[in-house]
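What follows is one structure encoded as structure tokens, with my remarks underneath.
The values are calculated or read from the model by the stated rules, or taken from the named source; none is laboratory data. All figures in this text were calculated on a predicted structure; none of them were measured in a lab. For neighbour counting, all protein chains shown are included, and Cβ atoms are generated from backbone atoms with ideal geometry for every residue, glycine included.
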There are 2 protein chains.
Amino acid sequence: MPGVLELLPAEQVTFRRMLETIRAAYERFGFVELETPAIELAEVLLTKTGGETEREVYFVQSTGAREQGLEPDLALRFDLTVPLARYVAQHEQQLAFPFRRYQIQRVYRGESPQRGRFREFYQCDIDVIGRDDLDLRYDAEMPAVIHRVFTDLEIGPFTIRLNNRRLMRGLLSSLGVGDPSHQSAVLREVDKLEKRGLDATATALVDVGMAPAAVDRLLETVSYRSSSLDDALETLDRLSAEFGDAAGGAADQATVLEAIAAFGVPEDAYALDLSIARGLDYYTGTVYETVLDDHPGIGSVCSGGRYDDLAGYYTSSKLPGVGISIGLTRLFYQLREAGIVGASPAVTQVLVTLMDPAGFAYALEVGRRLRQAGIPTETRPAPSRLGKQLKYADRLGIRFAVICGEDERSRDTVTVRDLRHGNQDEVPRSDLVRHLRTLIDQE
Amino acid sequence: MPGVLELLPAEQVTFRRMLETIRAAYERFGFVELETPAIELAEVLLTKTGGETEREVYFVQSTGAREQGLEPDLALRFDLTVPLARYVAQHEQQLAFPFRRYQIQRVYRGESPQRGRFREFYQCDIDVIGRDDLDLRYDAEMPAVIHRVFTDLEIGPFTIRLNNRRLMRGLLSSLGVGDPSHQSAVLREVDKLEKRGLDATATALVDVGMAPAAVDRLLETVSYRSSSLDDALETLDRLSAEFGDAAGGAADQATVLEAIAAFGVPEDAYALDLSIARGLDYYTGTVYETVLDDHPGIGSVCSGGRYDDLAGYYTSSKLPGVGISIGLTRLFYQLREAGIVGASPAVTQVLVTLMDPAGFAYALEVGRRLRQAGIPTETRPAPSRLGKQLKYADRLGIRFAVICGEDERSRDTVTVRDLRHGNQDEVPRSDLVRHLRTLIDQE
């Protein structure tokens, strides 16, 4: 099917490792797993969306319901945030707050397939949800998690870019753009600055009704990116002085930046970047984007922000939160295109070969021994040519072939062939596990 | 949404552990992971199905396609076998055979929701696919994997019941039921024997056109369950002698049973059970069911079998295979109903509490230290009452609370409270990781 990323086994090993790296980092920070169904009631999913988003929704209907001529009442989730909102509202009494959940599942969008856009893809999200309030310093934990994740993924240097929507709205207010919906329109244009450049953005800002002089000042201001924590804090002070209405937001952002340092995130891993606006009005405070320094063309690989109220459509409780999301399928695809990730050797470490039927029980016993020791092992219950079996192991990236021929059996030994290094040893059967462990640990 | 199983965080921990136990066992035997999209082209999914199954299919359509009045051309997979067939046919040239894949994903069925039947549920499958042929002894590997999985799941004693469709068809042929479709009809009734009992099954068999005398002999024969490997092999010999047409199938089954023993599966874990027929005509040789000895009412928790050709609809290559499937969502639900599984303590081991703002940096440093050591740790970036924080930790099943009060900070120590055992110790900050590791390892 077009618009999906389906992997060959050797790529799937890489994908799984990336996914488990993300999961491990999320769990390391004390986030708890949540899984929700892919299918939700359409009325639940569509509450807060409309227009453009609604066109991308996949509706779901069983054969029976179609035959009855009913309108579809089910749909596939298009993100993990709406299901989280529904879940928290539904189970509020059974949850402890702050509710810190991670969720790694596929989401679905009815897009026309095009290069790098997927109809079905993984998102890896964390959110911290407070009841009534959630301290600002929780916003500083997100960069700490992002830093852990992207360090562990080992896909090169990265920068976490931060900004603050409250700061931006204050700044716009001081520049004469006071109406919230006008501010939103301006921020949507600012968000495209990096992609479109200064000139096109200036034109667009005039088009949405900003005075040319204010446009110049705005673009000059938002072109700033901090070079250090001190530089960022000084800039925030300067903005407070220069744009009176921005003082509250600037103070918030300073608190968050100082807390990020306390979380132990190194200064070169993050920056205050006033051009980051995130198109969504959903975000009300801190916003995040993460870029790979050597591959800026990939765009943001981890984004998110602070929001005032998660689940206003589903509950009267006020549930502020902060979260981030990694679009893993797209990230994997882009990294593969860039040649940064690809096929991995098999998880299976050993193929126990079989050449003659008489060796069947001996070979299976060897396989059992290896599995008992925790070494992933494939056995061959039926004999075939050794060359064919070695070629198979090599093709899968299975490192070791164990040979239990007639000679080995008579001596109670096995021959271990290291397909990666091309050498082999005959070792006593009782010594096989120790021997393999040594070879594996040396790597 | 009705018809789905949505878990609270403490149950999700249990579910995840079960899923990862299954994955680990599959990988231990050298199966490689495959993931396919949930959405497939409807024409691909529906090739080999019809009637009853088709009614259970969920069709998928984007808003745009609906507005154009088109018929839906997409659907959600209802099992993992059809997508496997499509995948192997599509990628045949890039795969090495035997292709040994595991797949753990959700599948979708448009069922009317009822107790214990789900619209969206996990299946955990393995299959070995040969090209042109696949040795009979691969059928013996499945019980070895099942034995590993259900031993590791620690949900009580279980029995793997085996039978052979070729044997059964031979037996029916000798009883005068020679037409394959008549045989299929008979086997569908035999498959319900355990549920309906002898009398109702006898009536049903007469209804599908079997002679009453043959029905009696059939029911007498299929009521057999072996008490040991030798007992099973003797019975197979006897069946060969008594029912001439069953000799080939009986020999096959004897080969498989002997190979199971060579795989090291203990005799009390499996039995030849001639009442196991599996309704599906898809299966052509060995068939498997697995029951929990203390909970027979749950029915089969792991089923599968041998098939002649996986992907006849998608490729001209002959791809025989053998596989099993665990319906994990249903299994979890049933085990929870039976009180065998339930909530688990959090994966998070430590909550680093915060009572006064001045302790912020100290507490975060402690959290960082613990995470660096691989201990999942939640930190509090904002102060609150200690009692409230301990209650939160207790509710989540986080075992340790670390307290860094003013006194501790002045002495460069922390207080570790073990919420499970109710005791606490003050230890030097530099000794915290070692101290916790000792407590965790003692458990």
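Miscellaneous remarks
- Tally, over the stretch A:127-178, of residues that are β-branched (Val, Ile, Thr) and within 12 Å of another protein chain (Cβ to nearest Cβ): 3
- Scanning the stretch B:362-396 for residues that are among the hydrophobic types (A, V, I, L, M, F, W, C) and at pLDDT 95 or above gives B:ALA363, B:LEU364, B:VAL366, B:LEU370, B:ALA373, B:ILE375, B:LEU386, B:LEU390, B:ALA393, B:LEU396.
- Residues that are farther than 16 Å from A:LEU351 by Cβ and surrounded by 14 or more Cβ atoms within 10 Å (Cβ to Cβ), drawn from the stretch A:413-424: A:THR413
- Hits in the stretch A:65-86 - residues which are over 21 Å from the mean Cα position of the chain (by Cα) and in contact (Cβ under 8 Å) with a residue 24 or more places away in the chain: A:PRO72, A:ASP73, A:LEU74, A:ALA75, A:ARG86
- Complete set of residues in the stretch A:151-169 that are under 20 Å from A:LEU257 (Cα atoms) and assigned to a helix (DSSP H, G or I): A:THR151, A:ARG165, A:ARG166, A:LEU167, A:MET168, A:ARG169
- Pair list, Cβ under 6 Å, 6 or more apart: the stretch B:270-289 residue in the same structural domain as B:THR151 (by TED's automatic domain parsing), other residue among the aromatic types (Phe, Trp, Tyr): B:LEU274/B:TYR224; B:TYR282/B:TYR307; B:TYR283/B:TYR307; B:THR284/B:TYR307
- The residue of the stretch A:40-70 that is farthest from A:TYR108 (Cα to Cα), among those that are of a type in the set (D, E, K, R) and modelled with pLDDT of 80 or more, is A:GLU67.
- Sole residue being without any contact (Cβ under 8 Å) to a residue 12 or more places away in the chain and either under 20 Å from the mean Cα position of the chain (by Cα) or in the same structural domain as B:GLU33 (by TED's automatic domain parsing) (or both), chosen from B:ALA96, B:ALA144: B:ALA96
- For the stretch A:116-126, a residue qualifies if it is part of a strand (DSSP E or B) and either within 12 Å of another protein chain (Cβ to nearest Cβ) or modelled with pLDDT of 95 or more (or both), and the qualifying residues are A:GLU120, A:PHE121, A:TYR122, A:GLN123, A:CYS124, A:ASP125, A:ILE126.
- Cross-chain or 6+ apart pairs with Cβ under 7 Å, the stretch B:403-421 first and closer than 17 Å to B:LYS391 by Cα, then part of a loop (DSSP other than H, G, I, E, B): B:ILE403/B:THR353; B:ASP418/B:ARG399; B:LEU419/B:ARG399; B:ARG420/B:ARG399
- First in the stretch B:28-42 and more than 7 Å from every other protein chain (Cβ to nearest Cβ) and closer than 20 Å to A:ALA343 by Cβ, second anywhere and of a type outside the set (A, V, I, L, M, F, W, C) and in a strand (DSSP E or B), Cβ under 8 Å, 6 or more apart: B:PHE31/B:ARG100; B:PHE31/B:ARG101; B:PHE31/B:TYR102
- When the stretch B:53-95 is filtered for residues that are of a type in the set (Val, Ile, Thr), at the interface with another protein chain (Cβ under 9 Å from one of its Cβ atoms) and part of a helix (DSSP H, G or I), only B:THR63 remains.
- The residues listed here are A:GLY299, A:GLY248; of these, the one that is modelled with pLDDT under 95, surrounded by fewer than 24 Cβ atoms within 10 Å (Cβ to Cβ) and among the small types (Gly, Ala, Ser) is A:GLY299.
- Hits in the stretch B:215-270 (condition: under 28 Å from the mean Cα position of the chain (by Cα) and among the β-branched types (Val, Ile, Thr)): B:VAL222, B:THR255, B:VAL256, B:ILE260, B:VAL265
- Within the stretch B:258-268, if we keep just the residues that are within 14 Å of chain A (Cβ to nearest Cβ) and more than 14 Å from B:GLU234 (Cα to Cα), the residue that is surrounded by the most Cβ atoms within 10 Å (Cβ to Cβ) turns out to be B:ILE260.
- Residue in the stretch B:312-328 that is surrounded by 20 or more Cβ atoms within 10 Å (Cβ to Cβ), at pLDDT below 95 and in the same structural domain as B:TYR270 (by TED's automatic domain parsing) present: no
- Of the residues making up the stretch A:7-18, those that are buried (at least 19 other Cβ atoms within 10 Å of the Cβ) and more than 10 Å from every other protein chain (Cβ to nearest Cβ) number 1.
- Test result for B:ARG380, basic (Lys, Arg) and under 28 Å from A:HIS147 (Cβ atoms): yes
- Whichever residue in the stretch A:186-203 is in a helix (DSSP H, G or I) and in contact (Cβ under 8 Å) with a residue 24 or more places away in the chain and, among such residues, is farthest from A:GLY299 (Cα to Cα): A:VAL186
- Flag for B:ASP139 being charged (D, E, K, R), surrounded by 19 or more Cβ atoms within 10 Å (Cβ to Cβ) and not in a strand (DSSP E or B): yes
- Some residue of the stretch A:164-174 being buried (at least 23 other Cβ atoms within 10 Å of the Cβ), under 28 Å from B:THR379 (Cα atoms) and within 22 Å of the chain's Cα centre (by Cα): yes
- Within the stretch A:334-375, tally of residues that are more than 10 Å from chain B (Cβ to nearest Cβ), under 22 Å from B:TYR102 (Cα atoms) and not small (Gly, Ala, Ser): 2
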